[in-house]
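Chemist: Attaching a single structure in structure tokens format; questions to follow.
The values are calculated or read from the model by the stated rules, or taken from the named source; none is laboratory data. Please read all numbers here as calculations on a predicted model, not as lab measurements. Positions of Cβ are backbone-derived with ideal geometry, glycine not excepted, and every protein chain shown enters the neighbour counts.
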């Protein structure tokens with residue numbers, strides 16, 4: 001309801017400004033006709049000037065809408081972020097658990113979520129079912145599909161992601177009971193490097 005009032009107010013203001021610009025253009029045309037001489041050239045010049053002004057107004061309005069959308073996207077993503085760790089922070093192992101990390105999430109805004117990661121990246125999960133590294137981000141260690149609370153996706157994108165994961169499992173690209181072996185190998189290599197650094 002709160003979005004309807006500003007939208008209708010903006011449309012009313014736009015109509016008023018367009019009516020003012022057309023009436024001022026008509027007045028200038030009548031003045032140029034009264035002068036005689038170069039009336040046609042004068043009227044063409046006035047029309048070009050008014051059209052250029054409307055193009056500039058439309059470009060400015062589009063830029064303002066893009067800024068508003070970027071701010072909305074930023075706030076949506078900030079709500080999905082967990083705790084920010086800084087260098088020198090002291091923490092216990094239980095601080096890394098899901099229950100503790102969820103305490104740091106910002107509460108979700110009332111109403112529907114407008115955009116998510118898939119929308120911002122213009123990514124359709126159904127087109128990327130072969131990308132096992134992307135699909136493995138949305139499944140648990142045991143191969144179960146994560147829920148919306150964990151993924152932060154809109155309902156439509158959550159359904160698409162689940163369908164893409166089931167499609168990848170059906171094609172044999174993704175294991176159904178554990179994470180992909182390539183992902184497991186990468187994680188094991190990363191852990192081995194970390195352990196070797198700690199031993200030095």
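Chemist: In the range 138-147, is there at least one residue being modelled with pLDDT under 90, in contact with a helix residue (DSSP H, G or I) (Cβ under 7 Å, 6 or more places away or on another chain) and loosely packed, with under 14 Cβ neighbours inside 10 Å?
Modeler: no
Chemist: If you don't mind, another one. Looking at 78, 87, 28, 61 in this structure, which one is out of contact with any strand residue (DSSP E or B) (no Cβ under 7 Å at 6 or more places or on another chain), modelled with pLDDT of 70 or more and in a helix (DSSP H, G or I)? Let's see the steps before the verdict.
Modeler: On the way: 78 fails: modelled with pLDDT of 70 or more; 87 fails: in a helix (DSSP H, G or I); 28 fails: modelled with pLDDT of 70 or more.
Selected residue: 61, the only one of 78, 87, 28, 61 that is out of contact with any strand residue (DSSP E or B) (no Cβ under 7 Å at 6 or more places or on another chain), modelled with pLDDT of 70 or more and in a helix (DSSP H, G or I).
Chemist: Would you check which residues across the range 148-165 are buried (at least 18 other Cβ atoms within 10 Å of the Cβ), free of Cβ contacts under 8 Å to residues at least 40 places away in the same chain and within 20 Å of residue 102 (Cβ to Cβ) and list them?
Modeler: Across the range 148-165, the qualifying residues are 151, 153, 158.
Chemist: Taking the range 166-175 as the search range and keeping residues that are at negative phi and without any contact (Cβ under 8 Å) to a residue 40 or more places away in the chain, which one is surrounded by the most Cβ atoms within 10 Å (Cβ to Cβ)?
Modeler: Taking the range 166-175 as the starting set, the residues that turn out to be at negative phi are 166-171, 173-175.
If we keep only those that are without any contact (Cβ under 8 Å) to a residue 40 or more places away in the chain as well, we get 166, 168-170, 175.
Working: 166: 15, 168: 23, 169: 18, 170: 11, 175: 16.
Filtering the range 166-175 for residues that are at negative phi and without any contact (Cβ under 8 Å) to a residue 40 or more places away in the chain, the one surrounded by the most Cβ atoms within 10 Å (Cβ to Cβ) comes out as 168.
Chemist: Can you find a residue that is within 24 Å of residue 70 (Cβ to Cβ) and touching a helix residue (DSSP H, G or I) at 6+ places or on another chain (Cβ under 8 Å) anywhere in the range 169-176? Before you say what the answer is, go through the steps one by one.
Modeler: Of the residues in the range 169-176, the ones within 24 Å of residue 70 (Cβ to Cβ) are none.
So far as the range 169-176 goes, no, none of its residues is within 24 Å of residue 70 (Cβ to Cβ) and touching a helix residue (DSSP H, G or I) at 6+ places or on another chain (Cβ under 8 Å).
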